[in-house]
1. Give me the residue from segment 130-188 that is within 18 Å of the chain's Cα centre (by Cα) and among the aromatic types (F, W, Y) and, out of that set, farthest from H236 (Cα to Cα).
2. Cβ-Cβ under 6 Å, sequence separation 6+ or interchain: first residue in segment 29-48 and charged (D, E, K, R), partner open to solvent by 10 Å² or more (accessible area, probe 1.4 Å) and modelled with pLDDT of 90 or more. Which pairs?
3. Tell me whether segment 202-213 contains one or more residues that are open to solvent by less than 50 Å² (accessible area, probe 1.4 Å) and at pLDDT below 95.
4. Could you tell me which residue of segment 65-84 is surrounded by the fewest Cβ atoms within 10 Å (Cβ to Cβ), considering only residues that are among the hydrophobic types (A, V, I, L, M, F, W, C), modelled with pLDDT of 85 or more and over 27 Å from Q143 (Cα atoms)?
5. Considering only residues that are of a type in the set (G, A, S) and either at pLDDT 95 or above or under 19 Å from the mean Cα position of the chain (by Cα) (or both), look in segment 30-58 and name the one that is farthest from M210 (Cα to Cα).
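The values are calculated or read from the model by the stated rules, or taken from the named source; none is laboratory data. Quick caveat, the model's predicted, so the values are computed rather than measured. Because the Cβ atoms are built from the backbone with ideal geometry, glycine has one as well, and the counts that use them run over all protein chains shown. Accessible surface areas use protein heavy atoms only, side chains included; no ligands, DNA or RNA. Shrake-Rupley method; radii C 1.70, N 1.55, O 1.52, S 1.80 Å.
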Amino acid sequence: MKNDEMPHNVGEQNSQTAHENSTCTSDTGPKIQSQNGPAFLTVLTFACEALIACARQLDIMDEECGDGTYGTILARSANAIKLAIKVVNSNEEGRISATKPSITFIQISHIIEKDMGGLEGGMYSLFFDTAAKSFLKFRNDEQMTANMWLTALTSANKMMAEFSGTSRGDRTMLDALIPAENKLRDALNSGSSPVSAFGEAVKAAETFAMQTVHMSGFSVDSANCKIFKYPDPGAHAVGIWMRAAYEGVKLKFGYELDV
């Protein structure tokens, strides 16, 4: 997969910033209520399992203008994250945190950087690293809110756009992520519940991912394809894991979520 172009030094810089933040233990941001920790890990597992199940589909989509490995690459990291979640001993090194999103996303960023690599790994590692840092803007004793998750998504999208030089309309994962961010903000501002707002964001991600079939693309590989049969696999993958996470939230929390 070569559509999500970005500078080659992103992985190195992301690794450095992730390490700096992971070593900071005094300010780790707000905490998810302890009774919701296991459900949070289940939601993450749902997202991983969806990417694993859809790996072949994403590979086929990527064959159109890429090297046909995007789904396989994503599934490899998703499986590594899933295995880390399943670590039985909560004190064992490598266990994914269930209570602090800032720590959870730093851990996921490290796993992706190690197991995925390449431009795809750089983008996703940067995404989760930036999302993790966004939670550090809030006090440790603050209660988690839906707007904190919106802040994380907004910050991560902005950082990826800056480093990759892409935005909406360039046939990248941002074609799904930015509409999801906008819809989530609009829904929360209009008074929707966090779960309902999340659902609206998922629909936006899926809808706009499908529209990438009509876009010209940002990378050289995409530009060489005049007509697309499939949506961009990066954008489509966002819709897959976001939909799975939403279904997990509904299953574990219902429509009234007290984070």
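1. F135
2. K31/K100
3. Of all residues in segment 202-213, those open to solvent by less than 50 Å² (accessible area, probe 1.4 Å) come to 202, 204-205, 209, 212-213.
Imposing the further condition that a residue be at pLDDT below 95 reduces the set to 212-213.
The answer is yes; a qualifying residue exists.
4. Here is the first cut: in segment 65-84, the ones among the hydrophobic types (A, V, I, L, M, F, W, C) are 65, 73-75, 78, 80-81, 83-84.
Next, from what is left, pick out any that are modelled with pLDDT of 85 or more: 73-75, 78, 80-81, 83-84.
The next check asks that each one be over 27 Å from Q143 (Cα atoms); those that pass are 73-75, 78, 80, 83.
Details: I73: 24, L74: 29, A75: 22, A78: 28, A80: 18, L83: 13.
By that ranking, first place goes to L83.
5. Checking each candidate, the answer is G37.
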